[in-house]
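Peer 1: One structure, pasted below without further comment.
The values are calculated or read from the model by the stated rules, or taken from the named source; none is laboratory data. Predicted model, so just to flag it, every value in this text is computed and none were measured. Every residue, glycine among them, receives a Cβ derived from its backbone with ideal geometry; neighbour counts consider all protein chains shown. Quick note on the areas: whole protein, heavy atoms, side chains included, nothing else; ligands and nucleic acids left out. Shrake-Rupley method; radii C 1.70, N 1.55, O 1.52, S 1.80 Å.
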Amino acid sequence: TGVGKRVFSVKIENSLVFNNLDIFAEAGAGNKALVKETSATVSDSALTIEFIHQIENPSIRAIEVRPVTSTSPSSGTRINVGGASYVDSQGNTWITDAGFVNSGEKYTTPSSISGTPDPTLYKSERWDPPSTPSMKFTIPLPSGSYRVDLGFAETYGPTMAVGARVFDVKMEDKVVFSNFDIYAEAGNSGNKALIKSTTVTVSDGILLIELLHKVQNPKLCTIAIFPVNAPPPAPQPSPPPGSASSIYINAGGDTYTDNLGRTWLADGPYVNTGTKYLSAASIAGTSDPTIYKTERYDLPDGPEMRYEIPVPS
């Protein structure tokens, strides 16, 4: 227990979604529930989640999979951070970030950008010098749930190395990407577009996005925001895997019905390895501590722990 004692990465559908995840650091305490959210696209009818060793053993307590339906992409809000208004290859208009951001310096690279049909969006950026307040974007939105896609590209030569630029991203006062390293997550590649997605709930009419210094200077190329409508919690019994409804998995534990009447399934059929553990400690930060008392952790002498969950593409 302590910062840096257990660190691991999580991949979903072969994409690194949480890099250098430190449960204790992000929760701010031990024996406290922590929920991390992201979005993923499944094209082969199986959602794959992998846990990658770094320090000590990866651990997971619960998995919740919710289908989301988005409004038409044309209805989203798109911001070309640090750049001019732009119409992309799909006919979508990206507006400038003027009026949405508190600080930061603009920069446009002459380099070619790979990994995107719209390299113009990733040539421009806004970066945050250490002498100014942390860069914040405040974007007026109706209260509700949104998928937020942040676009990045590492275009600065001295930071084209793993660990050379590392920062955190917060949305609505919650860290969504911790120890984020653009170059590492782009596959140890510079001048390559990278999109990081998450879901967020706005309750005050303003979406707040903050970039926090760690190593070198935070930077951002694009922001795209799409309203989403998640179905209400599925009534029990929970639907079978492969259905279009939500799936709840109690990692390392038995079948369990939570205080909202949702049934959490035992994880045995979905995981390739790992060891179960049940904690006797009290768990804070949740109305269902039973779910967070059980876990499955991955010892270093076996294959990396991987869940495969049948879902519709």
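Peer 1: How would you rank 134-142, 248-256, highest first, on the average number of other Cβ atoms within 10 Å across their residues? All intermediate terms of the calculation are to be shown ahead of the outcome.
Peer 2: Numbers: 134-142: 16.3, 248-256: 21.0.
Descending mean neighbour count gives 248-256, 134-142.
Peer 1: Give or take rounding to whole Å, what are the principal axis extents of the alpha carbon atoms in the chain, in descending order?
Peer 2: Principal extents (Cα only, largest first): 54, 39, 36 Å.
Peer 1: Okay, next question. Tell me, what HN-Hα J-couplings in whole Hz come from the Karplus equation 6.51 cos²θ - 1.76 cosθ + 1.60 at θ = phi - 60° for each residue of the stretch 211-220, using x for Gly and Pro?
Peer 2: Those phi angles translate into 10, 10, 4, 9, 10, 6, 10, x, 8, 7 Hz.
Peer 1: Let me ask you something else. Grab the DSSP H runs of the chain that are 4 residues or longer, score each as -39,500 (n - 2.57), total them, divide by all residues and round the 222 nm result to the nearest 500 deg cm²/dmol. Could the numbers behind the result be given before it?
Peer 2: Details: 4 runs with 18 residues, N = 313.
Helices in the chain give a 222 nm mean residue ellipticity of -1000 deg cm²/dmol.
Peer 1: Putting +1 on Lys and Arg Cβ atoms and -1 on Asp and Glu Cβ atoms, find which of 171, 206, 183 reaches farthest to the positive end of the dipole of the stretch 169-214.
Peer 2: Value computed over the given set: 183.
Peer 1: Once the dipole of the stretch 1-150 is set up with Lys and Arg at +1 and Asp and Glu at -1 on Cβ about the Cα centre, which of 134, 100, 27 lies farthest towards its positive end?
Peer 2: 27
Peer 1: How high is the relative contact order of the stretch 3-86, in percent, with contacts defined as C-alpha pairs under 8 Å that are six or more residues apart? Mind dumping the intermediate values first?
Peer 2: Details: 86 pairs, mean separation 28.6, N = 84.
Computed value for the stretch 3-86: 34 percent relative contact order.
Peer 1: Which cross-chain or sequence-distant (5 or more) residues have an amide H under 5 Å from the amide H of residue 47, H modelled 1.01 Å from N in plane?
Peer 2: Result for residue 47 returns 309, 311.
Peer 1: In addition: Where the centre of each part is set by its Cα atoms, how far does the stretch 251-313 sit from the stretch 63-136, in angstrom?
Peer 2: 36
Peer 1: Farthest toward the dipole's positive end in the chain, which of 45, 65, 309, given Cβ charges of +1 (Lys, Arg) and -1 (Asp, Glu) about the Cα centre?
Peer 2: Toward the positive end, the furthest listed residue is 65.
Peer 1: Nothing charged except the Cβ atoms of Lys and Arg (+1) and of Asp and Glu (-1): what's the magnitude of the dipole of the stretch 29-121 about its Cα centre? Round to the nearest 20 debye.
Peer 2: Numbers: 6 positive and 9 negative charges, 51 e Å.
Here the size comes out at about 240 debye.
Peer 1: Follow-up. Quick check for you: with a 1.4 Å probe and neighbouring chains kept, what is the accessible area per residue of the stretch 105-229, in Å²?
Peer 2: Dividing the accessible area of the stretch 105-229 by its residue count gives 39 Å².
Peer 1: Where the centroid of each part is defined by its Cα atoms, how far is the stretch 170-207 from the stretch 212-226 in Å?
Peer 2: About 7 Å separates the Cα centre of the stretch 170-207 from the one of the stretch 212-226.
Peer 1: Pairs of Cα atoms under 8 Å, at least six residues apart: use those to get the relative contact order of the chain, whole percent. Don't skip to the end; give the middle numbers.
Peer 2: Values: 771 pairs, mean separation 73.8, N = 313.
Averaging sequence separation for qualifying contacts and normalising by length gives 24 percent for the chain.
Peer 1: Starting at the first residue of the stretch 79-94, write each ³J(HN,Hα) from the Karplus equation 6.51 cos²θ - 1.76 cosθ + 1.60 with θ = phi - 60°, in whole Hz, x for Gly and Pro.
Peer 2: After applying 6.51 cos²θ - 1.76 cosθ + 1.60, I find 10, 8, 5, x, x, 8, 4, 8, 9, 7, 5, 9, x, 7, 9, 9 Hz.
Peer 1: Something else about it: About the Cα centre, and with charges only on the beta carbon of Lys, Arg (+1) and Asp, Glu (-1), how big is the dipole of the stretch 77-232? Nearest 20 debye, please. Please report the intermediate quantities before stating the final value.
Peer 2: Values: 13 positive and 15 negative charges, 24 e Å.
Roughly 120 debye for the stretch 77-232.
Peer 1: Based on Cβ point charges of +1 for Lys and Arg and -1 for Asp and Glu, what charge dipole magnitude is obtained for the chain about its Cα centre, in debye rounded to the nearest 20?
Peer 2: Working: 25 positive and 32 negative charges, 60 e Å.
Using only the charged Cβ atoms, the result is roughly 280 debye.
Peer 1: Rounded to a whole number, what % of the accessible area of the chain do carbon and sulfur atoms account for, probe 1.4 Å?
Peer 2: Working: 7480 of 14140 Å².
C and S fraction of accessible area: 53 percent.
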